[in-house]
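**Q** Below you'll find the structure I mean.
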Amino acid sequence: LNLWVISSTEDKIFDEISQLPASDFCLILGSHPFGQAFEYRVKAGYDLYHAGKVKHIIVSGDNSRDDYNEPLEMKKELQRLGVPASAITMDFAGFRSLDSVARAKSVFGVHELIIVTQDFHANRAVYLAESYGLRCWAYLARQGQFQSYNNTREFCARCMAVLDVWRGRGARFSGPIEEIHLAE
């Protein structure tokens, strides 16, 4: 299952902006706001926006506690870098990659996007997005520390992703439709 997820998605993963197809949307997957992965993902999303590869950024992550809000912290950092608030949508129910990609389509009405994440996670994210009917590519943010831990964890997570798709598992919270209208 692990090798199947990797081989079926490897042609959709890019580390050079110039080679990446343009799309209206990118989806930055959440991570802890005080970690390197967070910093690198937000910077990669900014780079896509600044290069004109995307028009709108969805920041998706966990905010299950009053003192923890990944989407809000990503939005603040993107705005600090120069992305206007009108070009950012927060998804507060992206508890897992599956939730984030499924909600991009079912809640926000997106049909095509660029996923921003690190190399260890990109194949699973693309696999899930395509399984939920999205046309997508992944743009790789810089890698952080703990690569061996991430690779081990991801082996199991890729296998679980296939099982989740086969079982028809959806987002934990589907939520009301909040279609994003792009500014012209």
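The values are calculated or read from the model by the stated rules, or taken from the named source; none is laboratory data. Just so it is clear, the model here is predicted, and its values are computed rather than measured. Reconstructed Cβ throughout: ideal geometry from the backbone, glycine too, with neighbour counts over all protein chains shown. These area figures cover heavy atoms from the full protein model, side chains too; ligands, DNA and RNA do not enter into them. Shrake-Rupley method; radii C 1.70, N 1.55, O 1.52, S 1.80 Å.
**Q** Tell me which DSSP H helices of the chain clear both cut-offs, 18 Å or more of axial length from alpha-carbon atoms and a mean Kyte-Doolittle hydropathy of at least -0.5.
**A** Going by DSSP H runs, the hits are 119-131, 147-167.
**Q** What fraction of the DSSP beta bridges in the chain is antiparallel, stated in percent and rounded to the nearest 5?
**A** Roughly 10 percent of the DSSP beta bridges within the chain come out antiparallel.
**Q** Taking R0 as 25 Å, what FRET efficiency do you get between Phe14 and Arg167 from their Cβ-Cβ distance, rounded to the nearest 0.05?
**A** It comes to 0.25.
**Q** Please give the contour-minus-distance gain from Ile177 to Ser7: 0.36 nm per residue of separation, less the Cα-Cα distance, rounded to one decimal in nm.
**A** Length gained between Ile177 and Ser7: 57.9 nm.
**Q** Can you give the calculated 222 nm mean residue ellipticity of the chain, where each DSSP H run of n ≥ 4 adds -39,500 (n - 2.57) and the sum is split over every residue, rounded to the nearest 500 deg cm²/dmol?
**A** Helix contribution divided over all residues of the chain: -13500 deg cm²/dmol.
**Q** Now for a separate question. Take Phe34 and Arg65, extend 7 Å from each Cα along the Cα→Cβ direction, and tell me the distance between the two endpoints in nm.
**A** 1.1 nm
**Q** Whenever you get a sec, compute what percent of the accessible area on region 103-146 sits on carbon and sulfur atoms (1.4 Å probe).
**A** Values: 710 of 1490 Å².
Heavy-atom surface of region 103-146 belonging to carbon and sulfur, 1.4 Å probe: 48 percent.
**Q** While we're here: Could you report region 123-184's accessible area per residue, 1.4 Å probe, as an integer in Å²?
**A** 64 Å²
**Q** Run the numbers on the chain and let me know its relative contact order in percent, using alpha-carbon pairs under 8 Å that are six or more apart.
**A** 28 percent
**Q** Answer with one residue from Gln36, Phe173, Leu113: the one whose Cα lies farthest towards the positive end of the charge dipole of the chain, charges on Cβ with Lys, Arg +1 and Asp, Glu -1.
**A** My answer, from the dipole projection, is Phe173.
**Q** Now for a different question. For a Förster distance of 41 Å, can you work out the FRET efficiency between the beta-carbons of Leu81 and Cys159, rounded to the nearest 0.05? Before the final figure, lay out each step's value.
**A** Details: r = 36 Å, r/R0 = 0.88.
Plugging the Cβ-Cβ distance into 1/(1 + (r/R0)^6) gives 0.70.
**Q** Let me know the charge dipole size of region 56-149 about its Cα centre in debye, to the nearest 20, where only the beta-carbon of Lys, Arg (+1) and Asp, Glu (-1) is charged.
**A** 180 debye
**Q** Taking the Cα centroid of region 108-143 and of region 166-184, what is the distance between the two, rounded to the nearest whole Å?
**A** About 15 Å separates the Cα centre of region 108-143 from the one of region 166-184.
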